[in-house]
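The values are calculated or read from the model by the stated rules, or taken from the named source; none is laboratory data. None of these values were measured; they are calculated from a predicted model. All Cβ positions, glycine included, derive from the backbone under ideal geometry; neighbour counts span all protein chains shown.
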Amino acid sequence: MKKQRRLTPQEVMQLQSQSCHADDWDLIVVPEVFDIDFVHHTRFSGNIVLGAFVKEFELPGGLKKHSGLRHVTLHNCTLEDNVLIENVQNYIANYHIGENTFIQNINILLTEGNTSFGNNVAVSVLNETGGREVPIYNELSASLAYIIALYRHRPVLIERLQAMISDYAKENTADYGHIGRNVKITNTGTIRNVKIGDHTTVENCTRLENGSVNSTQNAPVFIGDSVIAQDFVISSGAVISDAAKIIRCFIGQACHVTHNFSAHDSLLFCNCAFENGEACAIFAGPFTVSMHKSSLLIAGMFSFLNAGSGSNQSNHMYKLGPIHQGIVERGSKTTSDSYILWPARIGAFSLVMGRHYHHSDTSDIPFSYLIENNDETYLIPGVNLRSVGTIRDAQKWPKRDKRTDIHLLDKINYNLLSPYTIQKMIKAIDILTNLQSLTGESSEAYYYRNTRIKGSSLCKGLKLYDMAIHKFLGNSLIKRLEGIQFRSIEEIREQLKPTENKGKGEWVDLSGLILPKESLDLLLLQIEKGEINDLTEIEQFFDKQYKNYYAQEWTWAYEQIESYCGISFESITADDIIDFVNKWKQCVIRLDELLYEDARKEFSLTSMTSFGVDGSSKEKQKDFEGVRGDFENNPFVSAVQKHIITKRELGDELIGRLEKLNSTKTNFTM
């Protein structure tokens, strides 16, 4: 710890000559070596600790300013070395300010009374009138928030989790604020009861009240023009700017909230992007995107959502308050001017087009289209499995993960096909098959949970689901046997035995983290019994589940191969596996061919409309290719073609090893 001292009488006199004042000069502490030449027009009140003023800041355009104090009032403040503070219209009170921090042209910066800096603020998510409040805190993950918001049928669990977060907030309660190192705050209005982490930039902001800005060197936070934020937690790497307004919100890692977007009582988890529109009481899981004006997300739970312009939901068909809510499961899209009347639940990776008033529940019919026709909701099962848009989305999400923090709060499984989605496809086949048997296979239309399904759509959906199920199960089996040379079928059977006990039965999606419900139930029971009393232990559980995904996936796939495909692993033969792999190849290649055909539509003559505006049809095509490229050389088309070749080779290689095993067995018998 560096030596500190009181001001000398000569220093006090010089400071007074530089238009400085103090209620009590003896309450000011400075370093052993201290240059007072850089302190002008400053008023000191209460206990003051100053650092050295050595550094010179270079501003954009080349202007240089030396660290120091100019035109500022400080009350009960501690400044580390090389801080520059100037032109504070009111004052700075009760703050510790880190080294190399630059504060200029602000109104007021103060900590008033005891505050937890936004921790334990109750966010009335999903239900505006309360009942599903999630208390936010610095380390909140989407998975834990999911449990707190949706597991209200387990009151003991909720009470214990709320108590843990309350204890965390108490540990982070103080009457003294903190500004980190290398922070820049300029041209800003009011900052009250806000904790600001290292390397934060706050520029031209209007007001920040009661919150934490958890910026780090690896993942700095930017807060820009005309932002208003109150009762909030902003995670590392986030960008809040351009007149965005957030009230009672948690902003996750690497989120972008810009261009007049307004949100209140909402949870926005990592990599969300929101512009122009409005959010009210939403649970926005990872990668939820809404970029357009006139878009309103309200009282809904989303993740990996792409909301089209004018997307809207409403929860106003009530008489006792806005109690209705909706869930749009992972990976879905809403088209321009789409509308859903809550309550409703939309299955994973679905497309919603038009206006829907009939409270549909398609959660067990994933990868579907919901299309409005004459005020009816038409459900087209499984059709999104052949959409290039769906595959492109699955590929882009990992690439668009902008988190750079060392510690990632949200654990994310990006897999398009997983036990979570495949279990729903298996249910969907049962549902659709039952509809056929009840109504007749020749029926033109079927009805399911306030939706209408055309007979032709149902038949196609059954085929698509079956192909996707075989694709997933085949992927899991081939991965299990990849790169291993076997001498006998017994060795194969041994290799195929699951190494994880957990994984059987139902799986759940905790807003990005996919895991067995059995494992989740065990965690919740431990919390209820008081065996887990620490938030860190809960996050460690999520991390363990994330890392054990593939081992547990195989446990689930093993069981499904036996039940769905009718294969017994205890008596499985090399020929059984060869037949299974051949079936897998057919399904993978056929799905890829459907994607290829869907991609070709993007290069049709209709798509070229408005290209080559003043030329012939030949020039139209050339103009189109100049902008979009030609079909065969399109990167996605090339990737599909390569995927077909790769998967065929992968299957053939395994079949070759199995046939060799059969050959060895035959020679041995002879």
Number of the condition not met by THR200 [criteria: (1) crowded, with 21+ Cβ neighbours inside 10 Å; (2) among the β-branched types (Val, Ile, Thr); (3) touching a Leu at 6+ places or on another chain (Cβ under 9 Å); (4) under 25 Å from ASN76 (Cα atoms)]: (3)
Looking at the range 71-104, which of the residues that are at positive phi and outside any strand (DSSP E or B) is surrounded by the most Cβ atoms within 10 Å (Cβ to Cβ)? ASN82
Is the range 306-319 home to any residue that is on the phi > 0 side of the Ramachandran plot and either of a type in the set (A, V, I, L, M) or in contact (Cβ under 8 Å) with a residue 40 or more places away in the chain (or both)? no
Is it the case that some residue within the range 105-116 is surrounded by fewer than 18 Cβ atoms within 10 Å (Cβ to Cβ) and more than 23 Å from ASN210 (Cα to Cα)? no
Just for the range 327-349: of the residues that are of a type outside the set (A, V, I, L, M), within 19 Å of ASP375 (Cα to Cα) and in contact with a Ser or Thr (Cβ under 6 Å, 6 or more places away or on another chain), which one is surrounded by the fewest Cβ atoms within 10 Å (Cβ to Cβ)? SER336
Just for the range 440-477: of the residues that are of a type in the set (S, T, N, Q) and under 30 Å from GLN495 (Cβ atoms), which one is surrounded by the most Cβ atoms within 10 Å (Cβ to Cβ)? SER476
Could you please give the count of residues in the range 395-429 that are more than 17 Å from GLY331 (Cβ to Cβ) and touching a Pro at 6+ places or on another chain (Cβ under 8 Å)? 0
Between residues in the range 119-132 that are closer than 14 Å to ILE246 by Cα and residues that are of a type in the set (S, T, N, Q), which pairs lie under 8 Å by C-beta distance while being six or more apart or on different chains? VAL121/ASN210; VAL123/SER266; VAL125/SER266
Expected single match for assigned to a loop (DSSP other than H, G, I, E, B), touching a Ser or Thr at 6+ places or on another chain (Cβ under 8 Å) and of a type in the set (Gly, Ala, Ser) among GLY483, GLY461, GLY503 is GLY503
Per-region count, the range 498-530, residues in contact with a helix residue (DSSP H, G or I) (Cβ under 8 Å, 6 or more places away or on another chain) and either exposed (fewer than 13 other Cβ atoms within 10 Å of the Cβ) or of a type in the set (Phe, Trp, Tyr) (or both): 4
Six or more apart or on different chains, Cβ under 7 Å: which pairs go from a residue in the range 430-458 that's in contact (Cβ under 8 Å) with a residue 24 or more places away in the chain to one that's among the small types (Gly, Ala, Ser)? Could you list them? LEU432/GLY461; ARG449/SER360; ASN450/SER360; THR451/SER360; ARG452/ALA445; ILE453/ALA445; LYS454/ALA445
I'd like the residue in the range 203-226 that is among the β-branched types (Val, Ile, Thr) and buried (at least 24 other Cβ atoms within 10 Å of the Cβ) and, out of all such residues, is nearest to ASN107 (Cα to Cα). ILE223
Counting only residues that are of a type in the set (A, V, I, L, M, F, W, C), crowded, with 17+ Cβ neighbours inside 10 Å and either in contact with a Leu (Cβ under 7 Å, 6 or more places away or on another chain) or more than 15 Å from ILE426 (Cβ to Cβ) (or both), how many does the range 551-564 have? 3
Scan VAL33, VAL12, VAL54, VAL29 and give me the residue that is surrounded by fewer than 20 Cβ atoms within 10 Å (Cβ to Cβ), in contact (Cβ under 8 Å) with a residue 24 or more places away in the chain, among the aliphatic types (A, V, I, L, M) and not in a strand (DSSP E or B). VAL54
Could you tell me how many of the residues in the range 356-415 are in contact (Cβ under 8 Å) with a residue 24 or more places away in the chain, farther than 29 Å from PRO635 by Cα and of a type in the set (D, E, K, R)? 6
If you go through the range 291-315 one residue at a time, how many are buried (at least 20 other Cβ atoms within 10 Å of the Cβ) and in a loop (DSSP other than H, G, I, E, B)? 7
Going by what's in this entry, would ALA639 be described as among the aliphatic types (A, V, I, L, M), modelled with pLDDT of 75 or more and surrounded by fewer than 18 Cβ atoms within 10 Å (Cβ to Cβ)? yes
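A quick yes/no check of all residues on (1) surrounded by fewer than 17 Cβ atoms within 10 Å (Cβ to Cβ); (2) touching a helix residue (DSSP H, G or I) at 6+ places or on another chain (Cβ under 9 Å); (3) modelled with pLDDT of 80 or more; (4) hydroxyl-bearing (Ser, Thr, Tyr):
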position: GLN621; (1), (2), (3), (4): no, yes, no, no
position: PHE631; (1), (2), (3), (4): yes, yes, no, no
position: PRO635; (1), (2), (3), (4): yes, no, no, no
position: ILE655; (1), (2), (3), (4): no, yes, yes, no
position: LEU658; (1), (2), (3), (4): no, yes, yes, no
position: LEU661; (1), (2), (3), (4): no, yes, no, no
position: ASN667; (1), (2), (3), (4): yes, no, no, no
position: MET670; (1), (2), (3), (4): yes, no, no, no
Residue that is nearest to TYR357 (Cα to Cα), among those in the range 429-458 that are among the polar types (S, T, N, Q) and part of a loop (DSSP other than H, G, I, E, B): ASN450
